[in-house]
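Taking it in order: structure first as structure tokens, then the write-up.
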Amino acid sequence: MSMIRIGIAGFGNVGRGTAKAVNAAPDMELSAVFTRRDPETIDIGGMNVKVFPLAAAEKMTDEIDVVILCGGSASDLPKQGPFFAKLFSTVDSYDTHAKIPEYLAVMDAAAMDTAARQTTAIISAGWDPGPFSMIRALSEAVLPDGDNYTFWGKGVSQGHSDAIKRIEGVKYAVQYTIPLDSAVEVVRSGSRPVLETRQKHLRECYVVVEPDADKAVIEETIVNMPHYFVDYDTIVNFIDAGEFLSKHTNMPHGGMVIRSGNTGENEHVIEFSLKLDSNPEFTGSIMTAYARAAYRMSCEGLFGAKTVLDVPVSYLSEKSRSDLIKDLL
């Protein structure tokens, strides 16, 4: 069986986590890393793979099957997604929920660009959106008379942290999403409460700024940031670099999807949860599985932009259909 040739675009925390997952996959090989930084500055961790500038991808379409896009949703993926989708099949973890339909349309146009070759672009394949989306859809189908609730944390949100780091004057930043225990318990009770966004989570930020940066402006920018913080109670803590590097460099996360519903007079609660030591490594593992699916769908001529709701679960596994049925059904 031929190996699936993988490229990685972006080699930050998620890129490094993805490289670990690709190197652990028996049916994949890491063929290239692409970066918007100077390739000479990228520490590849001893792996036998070359690092190229983003523009070099245009000359490598015969050398790579799928590119896994590991940039941030705020500013990287809206530009890099369409660029790569015109050249290769892709997978990304775009997580700005409110803009997913818009991003899906842009990626579909790029993947179906008849002036280039057609590709398969699987978008929003982190864990939320991602498996959490699948659980919400499954739970809703099973319990149509019910309500979905999603809680994230306590843990580091990479997308929100990245959005803060893009603010002028910010040197380091991390954002912890914290579910409110009172909200979780009332949802688990099956009472199907109506909860506003800020009644479910607290967002707490730890920020290191550059010398002479205006902390008041930075805090105002954070708490009023659309799609990220404006709808939440948000705490911004300014700390020094020493405290940040000693206390805030690990990246745990997790969360849960809960649906409570009724079948006639009987009440039911469905709950799915994750507890992650490393958010970027888990995200990279999910995207790597979906890279396998993107390759298979592309080989079958299933081109265009897809979401996790469009991908058969069996396409994610290296196992054959018969082995999946025998081992897991």
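In table form, for the structure just shown:
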{"item": "Matching residues, region 97-136, being more than 19 Å from residue 148 (Cβ to Cβ) and among the β-branched types (Val, Ile, Thr)", "result": "106, 114, 119, 120, 122, 123"}
{"item": "Some residue of region 107-120 being modelled with pLDDT of 95 or more, assigned by TED's automatic domain parsing to the domain that holds residue 12 and out of contact with any Ser or Thr (no Cβ under 9 Å at 6 or more places or on another chain)", "result": "yes"}
{"item": "Pick from region 8-19, criterion crowded, with 19+ Cβ neighbours inside 10 Å and out of contact with any Leu (no Cβ under 8 Å at 6 or more places or on another chain), ranking: nearest to residue 287 (Cα to Cα)", "result": "18"}
{"item": "All positions within region 172-226 that are part of a loop (DSSP other than H, G, I, E, B), aliphatic (A, V, I, L, M) and farther than 19 Å from residue 159 by Cα", "result": "180, 194, 195, 213"}
{"item": "Residues of region 40-67 classified as free of Cβ contacts under 8 Å to residues at least 12 places away in the same chain, over 21 Å from residue 111 (Cβ atoms) and of a type outside the set (Val, Ile, Thr), total", "result": "4"}
{"item": "Scope region 55-95; condition over 19 Å from the mean Cα position of the chain (by Cα) and either among the hydroxyl-bearing types (Ser, Thr, Tyr) or more than 26 Å from residue 127 (Cβ to Cβ) (or both); matching residues", "result": "55, 56, 57, 58, 59, 60, 61, 62, 63, 86, 87"}
{"item": "Scope region 241-255; condition surrounded by 12 or more Cβ atoms within 10 Å (Cβ to Cβ) and of a type in the set (D, E, K, R); matching residues", "result": "243"}
{"item": "Filter result for residue 270 (among the aliphatic types (A, V, I, L, M), within 20 Å of residue 132 (Cα to Cα) and touching a residue at least 24 places away in the same chain (Cβ under 8 Å))", "result": "yes"}
{"item": "In region 72-95, the residues that are in a loop (DSSP other than H, G, I, E, B), small (Gly, Ala, Ser) and modelled with pLDDT of 95 or more", "result": "93"}
{"item": "Test set (1) in a helix (DSSP H, G or I); (2) under 14 Å from the mean Cα position of the chain (by Cα); (3) modelled with pLDDT under 95 - residue 98 fails condition number", "result": "(2)"}
{"item": "Any hit, region 53-61, residues being surrounded by fewer than 23 Cβ atoms within 10 Å (Cβ to Cβ) and part of a strand (DSSP E or B)", "result": "yes"}
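For every residue, the table says whether it meets (1) touching a Lys or Arg at 6+ places or on another chain (Cβ under 9 Å); (2) among the acidic types (Asp, Glu); (3) under 16 Å from residue 126 (Cβ atoms).
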{"site": "266", "(1), (2), (3)": "no, no, no"}
{"site": "287", "(1), (2), (3)": "no, no, yes"}
{"site": "297", "(1), (2), (3)": "yes, no, no"}
{"site": "306", "(1), (2), (3)": "no, no, yes"}
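The values are calculated or read from the model by the stated rules, or taken from the named source; none is laboratory data. Keep in mind it's a predicted model, so treat the numbers as computed, not measured. All Cβ positions, even for glycine, are placed from backbone atoms using ideal geometry, and neighbour counts span all protein chains on display.
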